[in-house]
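Remarks on the structure that follows.
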Amino acid sequence: MMNLAKLICALLLLAFCENTFAQADDHWESYIASYEKGLGITLLNMSLKEKAPVKDQGFVLITGVTFSDCKDGLPTPEMVETLQSIDDALARQVSFLGKTTFAGSWTHNCERLLYFYLQDSMDVRFSLQTFYKDNYPAFKHYINIRHDPEWEGYLKFLYPNEIILEQLNVSKVLLQLAEAGDKRDKERPVDYSFFFPDGKNRSTFIEQMKQEGFRVADQPKKVASKDRPGLVTISKPALPDASTISGMIIYLRKKAAGLGGEYKGWETVPVKN
């Protein structure tokens, strides 16, 4: 579990990144994940998922600096302001290279790397080497330019996998509960809803879930009715933890899919006493 100091540091870092690069029509998300050498923070423009890959931007530039003021691989609060300044200057420098798209960033192991997609790679390395030498000679810099027409750097590395994506969605709901005064250390029923076009498969799913300790919270009598087509809601007590709930959603989704079912959502209520 991340301690409070590291969490505050991570949130500070993400806050300035969004202010620096966000556009009005962008949808930015950030997440923290564990890697071989420790925790890493990823910030990315989720809106690019619908556009990627952009055909005339087939080169990815991965560049940034190594910073010394770090704790457990993440920047100290004192380092955040300096990194912001470097990011701003770096973004301006890259903008001189032609049409570019900032896709996201990764901060890990005392290194901060920004991902840009470019039209071509001509003169990019020389331009950035000069930039770092003239402006930030005290920092070790990193420059990697490669042909990436399928945008794998964004789609396969920056973009969250199924588990993390579900955790992001669950975390938003849990944040709303916390703002409503929820007691995070209290178990409460957590409901998961599914749609089955076939009544027999729905019954099979229900029986399987009962054997795993779930109860049926809602089961319309008519399958594929106009108002409530083949729905079933199962419930089981759990702590309001993003990892626990998202993991359960992924598990149940796969179980339901094996019987032709479709996951429709989850819900719970705040516990204030």
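Here, each number is a calculation from the coordinates, and none is a lab measurement. Worth saying up front: this structure is predicted, and the values here are computed from it rather than measured. Every residue, glycine among them, receives a Cβ derived from its backbone with ideal geometry; neighbour counts consider all protein chains shown.
Quick notes
- Förster radius 22 Å - calculated FRET efficiency between Val271 and Asp218 (Cβ-Cβ, nearest 0.05): 0.60
- Between Glu81 and Asn144, the modelled label-to-label distance comes to 3.2 nm, taking each label 7 Å out from Cα in the direction of the beta carbon.
- Quarter of the Cα convex hull surface for the stretch 4-156, i.e. its orientation-mean projected area (nm²): 8.7
- The separation of the stretch 41-55 from the stretch 90-137, counted between C-alpha centres, amounts to 17 Å.
- Residue-averaged 222 nm ellipticity for the chain, from DSSP H runs of 4+ at -39500 (n - 2.57), nearest 500: -11500 deg cm²/dmol
- Three semi-axes of the equivalent ellipsoid, the stretch 162-267, Cα gyration tensor, whole Å, largest first: 25, 14, 13
- Between Glu166, Glu212, Glu262, the GNM of the chain built on Cα springs shorter than 10 angstrom shows Glu212 fluctuating the most.
- Charge tally in the Cβ shell below 11 Å around Leu158, where Lys, Arg are +1 and Asp, Glu are -1, Leu158 excluded: 0
- Kyte-Doolittle mean at least -0.5 and Cα axial length at least 27 Å: DSSP H helices in the chain: 77-95
- Applying the Kirkwood pairwise sum to the alpha-carbon positions of the chain produces a hydrodynamic radius of 21.3 angstrom.
- Footprinting exposure proxy for Cys110, Cys70 (fewest neighbouring C-beta atoms within 10 Å first): Cys70, Cys110
- Sites Asn161 and Thr130, calculated FRET efficiency, Cβ-Cβ separation with R0 30 Å, nearest 0.05: 0.20
- Environment charge at Tyr263 (Cβ cut-off 11 Å; Lys +1, Arg +1, Asp -1, Glu -1): +2
- Think of the stretch 162-267 as having a plus end and a minus end, set by charges on the Cβ of Lys, Arg, Asp and Glu; of Pro189, Gln176, Gln219, Gln219 sits farthest toward the positive end of this dipole.
- Ranked packing of 57-64, 88-95, most packed first, by mean Cβ within 10 Å: 57-64, 88-95
- Residues Thr268, Thr204 in ascending order of nearby Cβ atoms (within 10 Å, fewest first): Thr204, Thr268.
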